[in-house]
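The values are calculated or read from the model by the stated rules, or taken from the named source; none is laboratory data. Not measured: the values here are computed from a predicted model. A quick note on method: Cβ atoms are made from the backbone with ideal geometry, for glycine too, and the neighbour counts reach across all protein chains shown. These accessible areas exclude ligands, DNA and RNA; they are computed on the full protein's heavy atoms, side chains included. Shrake-Rupley method; radii C 1.70, N 1.55, O 1.52, S 1.80 Å.
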Amino acid sequence: MTESVNSSAMPNPSYPYPDAKGRYGPYGGKYVPETLMYALEELEDAFRASLRDRTFLETLDRYRRDYIGRPTPLYFAQRMTGRLGGAKIYFKREDLAHTGAHKINNALGQVLLAQRMGKTRIIAETGAGQHGVATATAAALLGLECEIYMGEEDIERQKLNVFRMRLLGSKVNPVASGSKTLKDAINEALRDWVTNVRNTHYVLGTVHGPHPFPLICREFQRIIGQETRQQILEAEGRLPNVLLACVGGGSNAIGLFFEFLREPGIRMIGVEAGGLGVDTGRHAARFAGGKLGTLQGAMSYVLQDDNGQILGTHSVSAGLDYASVGPEHAFLRSEGRVEYVSATDDEALAAFKLTSELEGIIPALESAHALAYAQKLIPKLPGDQIAVINMSGRGDKDVQQAARYLLPGEKLL
Amino acid sequence: MNRIEARFQELRRQGRKAFIPYIAAGDPTLERTAEIVVALEEAGADVVELGIPFSDPLADGAVNQEAALRALRHGTSLRDVLGMVQTLRKRSQVPIVLFTYFNPVHSYGLDRFGPDCRAAGVDGVLCVDLPPEEAGDYKASLDALDIATIFLLAPTSTDKRIETVSRHCTGFVYYVSRTGVTGEQARVGVDVRAMVAKIKQHTDKPVAVGFGISKPEHAAEIARYADGVIVGSAIVRMIGELGDSPETASKVAEFAKSLADAAKHA
């Protein structure tokens, strides 16, 4: 009898995505220069082999438990539930994971994988800085050289995280091209990877980019949903009715949703950044305002003009400020399995404040988008329903940015 | 027969090598681009590559990024470049290859892209971020119109990939001489010759070498073992420095002639 491996990276007849070409229906694929094609094949082989390697999996489990602090709690948000007066609200507390966000799940997994592949150098892009900090942390833990690319505008918005990365021994390379945000940091990281591909692993931070990155990131993030299932069964004796998560590239959302895709009764909602409003053009709502296209390795929805040039995006949250969205999300939307909505800057800031006041939890501005939509949705749901919101990160990094909006003109001290 | 294939056949008969300059279309303006193409042809260019500006050129170094930005600042689009080529065809029959990222082509629509290229007089297309694995519909539509589909090979390409990629190439095979983005470098990599020889074991198609070739001595060296020499950033940088001046085309042509002579008389 052959030994069974508990991983969806193995062929699964009921959900065979990504397929052999790295596609989720028409989305995904590998739209990269030739130089990277071999590296992507090598990475996929190494990743699949690592999932069959007992030592690798045990090491990953040990770090998840002893270093990241998993499982993260599933917390019943009693006061918010009382205030909104609808479904019972639980927060999946990824904000309590080491480094303060779910990003560490993927970063640590990928850096372990890079080490197993014999790569000596790690690079990553970062928007809000959370993925950069998580990668710098994992690189410090495993003793690998690490460089992080970050747009100059994001450096300005997230100075605290820049210092954290440097403190962790990583070099932070400012990116001055284009819009100086996450998209440009990814371009620069890809340029570095093309140049140094032989000794370098690129830790892409979300379920975007060329195959196998969306798969790898999903597999390292799906622990969020696996724990949630067990925890909600312990707390309530049944599965939730609604799952909510913010969607930039979409890694925390896939992490929560994936485990429940085959539960037809569970409604799932991804919340994009509505910025100043979808009709203003100043947003990052790819499904509302984008078209099918290729950006940075994947076929998905992309905010672009009529000539196929990528448009600038806007969001109060650096982590959602991106012109495309993970291809698996595009697929789940086309299948009608997941709904995608957006929340504006103002709505997110209001939810940021409310969650802080009601629950003593300062959410990341990214997570605040999911909380903002919850404020609209939850009151309409009956009291016997259960909603789980992914608290994908904590908001300490955002307090300066939020203060500028919430306390305009006011001195903080 | 496609103009690119015809040109390579002719060169092969003469025992000469192709000189292939790359310029960013729309930098400084499309009118100047047309002038520069004509001047390049007179200077000895066998094929001209026209870069379609893209907002996110992840395979390009700083020089080509900045040129694309300049072209985009006054709104140069794929449609505009096709219009320019169509007008240019009254004055020049030099083989023209569009060097582009896939998204502008995808946005234009594959159903219209090939026919419009054909109508304008474009001879070949190279999508830098479209490997053959993703190129099914794209290649079929261009093949049907006898427009060459050029794909890249790189130092990291395995034997299996060399086989697959060169099989999908028409016109010529483009070998990227180093791991990295476009841009000038001090010398030609030591392993280029061996890799070109390896590619030639898999295919009879012409092999042209680009990325990092910027001086006549590089061109001469490459021409000893490859069928074509591609020079981009060094020319693009020069155009950027000269700007929108009546002298731009003639000065670029002077530099191009030194490269063409080096490539042809190797």
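Some notes on this structure:
- Placing R0 at 51 angstrom, the Cβ-Cβ distance between residue A:385 and residue A:171 gives a FRET efficiency of 0.60 after rounding to 0.05.
- Inter-site label distance for residue A:78 and residue A:52 at 7 Å from Cα along Cβ, in nm: 5.1 nm
- In sequence order, calculated HN-Hα J values of region B:228-234 (Karplus, 6.51, -1.76, 1.60; Hz; x Gly/Pro): x, 10, 10, 10, x, 3, 4
- Accessible surface of region A:332-413, 1.4 Å probe: 51 percent of it comes from carbon and sulfur atoms.
- Unit Cα scatterers, Debye sum, region B:22-139: log10 I(q)/I(0) for q = 0.11, 0.13, 0.18 Å⁻¹: -0.33, -0.46, -0.91
- A cut-off of 5 Å between modelled amide H atoms, ignoring neighbours fewer than 5 places along the same chain, links residue B:18 with B:228, B:229.
- Between B:240, B:83, B:75, the residue with the greatest mean-square fluctuation in the GNM of chain B (Cα pairs under 10 Å linked by springs) is B:75.
- Cα→Cβ-extended label distance, 7 Å offset, between residue B:158 and residue B:204, nm: 2.8 nm
- GNM flexibility winner over chain A from A:313, A:195, A:344 (Cα, springs under 10 Å): A:195
- Once the C-beta distance of residue A:20 and residue B:69 is scaled by a Förster radius of 30 Å, the resulting FRET efficiency is 0.20 to the nearest 0.05.
- Taking 7 Å steps out from each Cα toward its Cβ at residue B:1 and residue B:118 produces label points 2.0 nm apart.
- Summed buried accessible area for B+A [probe radius 1.4 Å, Å², rounded to 100]: 2900 Å²
- Percentage relative contact order, chain B, counting C-alpha pairs under 8 Å, at least six apart: 25 percent
- Per residue, the solvent-accessible area of region A:99-176 (1.4 Å probe, heavy atoms of protein chains only, all protein chains present) comes to 31 Å².
- At a probe radius of 1.4 angstrom, the accessible area of region B:3-264 per residue rounds to 35 square angstrom.
- Normalised by the number of residues in chain A, the mean separation of alpha-carbon contacts (under 8 Å, six or more apart) gives a relative contact order of 19 percent.
- Fraction of accessible area attributable to carbon and sulfur, region B:3-264 (%, probe 1.4 Å): 50 percent
- Spherically averaged projected area in nm², based on the convex hull that wraps the Cα atoms of chain B: 12.2 nm²
- When only the Cβ of Lys, Arg, Asp and Glu is charged (+1, +1, -1, -1), the dipole of chain A relative to its Cα centre reaches about 540 debye.
- Unsatisfied cross-links (Cα-Cα over 28 Å) in the set A:180/B:139; A:92/A:353; A:30/B:215: A:180/B:139; A:30/B:215
- Rg ratio (alpha-carbon, reference 2.2 N^0.38 Å) - region B:163-266: 1.14
- Built amide H within the under 5 Å cut-off of residue A:268, gap 5+: A:243, A:339
- Listed residues B:180, B:69, B:222: farthest to the positive end of the dipole of region B:3-264 (Cβ charges): B:222
- Size descriptors for the protein assembly as shown: radius of gyration and Dmax over Cα atoms are 26.2, 86 Å.
- For B:146, A:279, A:53, B:27, the ranking by accessible surface with the largest value first comes to A:279, B:146, A:53, B:27, using a 1.4 Å probe.
- Local net charge near residue B:222, Cβ-Cβ under 15 Å (Lys/Arg +1, Asp/Glu -1): +2
- Here the 3J(HN,Hα) profile of region B:21-31, calculated from phi with Karplus coefficients 6.51, -1.76 and 1.60 at θ = phi - 60°, is x, 10, 9, 8, 5, x, 10, x, 9, 5, 4 Hz, Gly and Pro shown as x.
- Spatial separation of Cα centroids for region B:42-105 and region B:197-266, in angstrom: 16 Å
- Remark on region A:60-120: ratio of C-alpha radius of gyration to 2.2 N^0.38 Å is 1.54.
- Counting only other chain Cβ atoms within 10 Å of each residue's Cβ, the peptide B:152-159 averages 5.
- Lys/Arg +1, Asp/Glu -1 at C-beta; chain B dipole; positive extreme among B:24, B:95, B:59: B:95
- If R0 is taken as 30 Å, the Cβ-Cβ distance between residue A:337 and residue A:160 corresponds to a FRET efficiency of 0.20.
- Long-range tail of P(r) for region B:78-235 (Cα pairs > 24 Å, %): 36 percent
- Number of partner chain Cβ atoms within 10 Å, mean per residue of A:190-198: 5
- For region A:32-47, backbone nitrogen atoms closer than 13 Å to the point 7 Å from residue B:133 Cα along Cα-to-C-beta are found at A:32-46.
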